[in-house]
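Q: Submitted below is the structure of interest, expressed as structure tokens.
Quick note: the coordinates plus some simple rules give every number you see, no bench work behind them. Keep in mind it's a predicted model, so treat the numbers as computed, not measured. Virtual Cβ from ideal backbone geometry, glycine too; neighbours counted across all protein chains shown.
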């Protein structure tokens with residue numbers, strides 16, 4: 001692998017390390033390696049980084065906290081990770097508060113900060129792992145809320161043109177677990193977000209047991225902090241902790257299919273859960289499809305499907321990325337054979353043909 005002899009080199013704003021381990025840089029705990037790792041502590045140093053001789057002619061992979069990626073093999077090029085920090089309240093207006101946050105901040109820490117400061121909007125998105133910079137890339141979502149609803153603008157460094165750029169909400173092209181940044185994953189390195197959190201906010205509590213959890217807590221007039229606590233309770237019970245067992249959260253997207261297909265499937269499977277998705281389509285539960293196929297709790301060596309939640313691919317110890325991907329492919333094939341639906345992975349899979 002190139003750059004084997006490059007020891008860690010620190011320059012103003014960034015550090016370069018050759019033949020770097022990625023074991024502790026992805027939550028699936030895959031022991032992959034990168035030919036070169038660039039850690040950027042100051043976004044202003046990005047032009048200098050991409051002019052550095054060590055990066056010339058190499059492919060670049062952008063990596064946050066590794067909570068939404070599966071390394072199915074080593075990275076032959078350069079992995080760039082942004083560690084910049086900072087949160088700034090830009091203004092407090094009649095309709096909401098504008099907040100600028102650096103991409104290197106931890107998303108869950110930021111959500112908890114907004115709640116502690118009395119801001120509403122992100123309460124359903126608590127406990128999602130990863131960096132702030134990954135939020136618009138994936139348009140992260142949970143319990144009926146998506147980050148794109150509150151992102152006013154995204155600042156980024158254009159790796160093709162080597163200049164800083166900004167995108168307003170419409171230009172981000174947000175969709176279900178999608179954005180223009182995801183569709184062009186190595187074009188823009190997100191450096192900061194500006195969010196607008198509204199003063200008047202209708203709480204979302206009618207999704208996936210949130211209302212029932214609030215009732216169990218004895219809360220009848222919930223505030224955003226109560227909704228956040230309910231979501232924490234639900235996630236803690238349902239999802240395995242990446243600090244305990246390697247995982248990247250939900251590995252498969254909930255498929256969106258035509259309503260006619262839902263009606264046809266429900267004739268054979270009357271318990272099939274679905275939710276309206278607009279334009280004559282419905283969203284199905286990928287977890288239900290996987291569990292109905294008997295894959296929940298399946299284990300092949302150290303690669304497995306969680307016995308707590310059928311959407312979660314887990315690493316019980318030393319599974320390679322290739323082994324984890326092979327198990328994911330087995331699950332996809334089984335669901336497709338039984339239901340005629342091909343599940344799409346939610347994380348980015350590195351090292352397999354496009």
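Q: Extent of region 87-198 along each principal axis, from alpha carbon coordinates, in Å, largest to smallest?
A: Principal-axis extents of region 87-198 (Cα, largest first): 40, 28, 23 Å.
Q: If you take the alpha carbon radius of gyration of region 218-354 and divide it by 2.2 N^0.38 Å, what ratio comes out, to two decimals?
A: 1.17
Q: Quickly estimate the mean residue ellipticity at 222 nm for the chain, helices only: each DSSP H run with n ≥ 4 gives -39500 (n - 2.57), and the total goes over all residues, rounded to 500.
A: -6500 deg cm²/dmol
Q: Relative contact order for the chain using alpha-carbon pairs under 8 Å, separation at least 6, rounded to a whole percent?
A: 16
Q: Additional query: Cut-off is 10 Å between beta-carbons; in what order do 314, 256, 335, 227 appear when sorted fewest neighbours first?
A: Going from least to most buried by this count: 256, 335, 227, 314.
Q: Checking a compactness column here: for the chain, what do you get for Rg(Cα) / (2.2 N^0.38 Å), N being the number of residues?
A: 1.02
Q: On full extension of the chain, what length is gained from residue 271 through residue 308, given 0.36 nm per residue of separation minus the C-alpha to C-alpha distance?
A: Additional length available on full extension: 11.3 nm.
Q: Next question, about the same structure. With just the Cα atoms defining each centre, how far is region 321-347 from region 83-146? Give it in Å.
A: Here the two parts' Cα centres lie 31 Å apart.
Q: For region 53-99, place one equal point scatterer on every Cα, skip the solvent, and apply the Debye formula. What is log10 of I(q)/I(0) at q = 0.23, 0.27 Å⁻¹?
A: One equal scatterer on each Cα of region 53-99 leads to -0.90, -1.05.
Q: Quick one: work out Rg over Rh on the C-alpha atoms of region 9-82, Rh as Kirkwood radius.
A: A ratio of 0.95.
Q: Using a Förster distance of 41 angstrom, determine the FRET efficiency expected from the C-beta separation of residue 207 and residue 53, and round it to 0.05.
A: Result of the calculation: an efficiency of 0.20.
Q: Fewest Cβ neighbours within 10 Å first, please rank 217, 127 accordingly.
A: Neighbour counts put them in this order, fewest first: 217, 127.
Q: Taking R0 as 25 Å, what's the FRET efficiency between residue 329 and residue 106 from their Cβ-Cβ distance, rounded to 0.05?
A: Taking R0 as 25 Å, the efficiency between residue 329 and residue 106 is 0.20.
Q: Calculate the FRET efficiency for residue 262 and residue 11 from the Cβ-Cβ distance with a Förster distance of 51 Å, rounded to the nearest 0.05.
A: 0.40
Q: Please check which bits of region 225-249 a label hung off residue 217 would reach, taking the label as a point 7 Å along Cα-to-C-beta and the cut-off as backbone N under 14 Å.
A: Once the point is set 7 Å along Cα→Cβ of residue 217, 225-237 turn out to lie under 14 Å by backbone N, inside region 225-249.
Q: Still on this structure: Within 10 Å of each residue's Cβ, count the other Cβ atoms and sort 21, 250 from fewest upward.
A: Listing 21, 250 from fewest to most nearby Cβ atoms yields 21, 250.
Q: On full extension of the chain, what length is gained from residue 116 through residue 91, given 0.36 nm per residue of separation minus the C-alpha to C-alpha distance?
A: Gain in length upon complete extension: 7.3 nm.
Q: Given the C-alpha centroids of region 156-171 and region 249-302, what is the distance between them in whole angstrom?
A: One Cα centre to the other: 36 Å.
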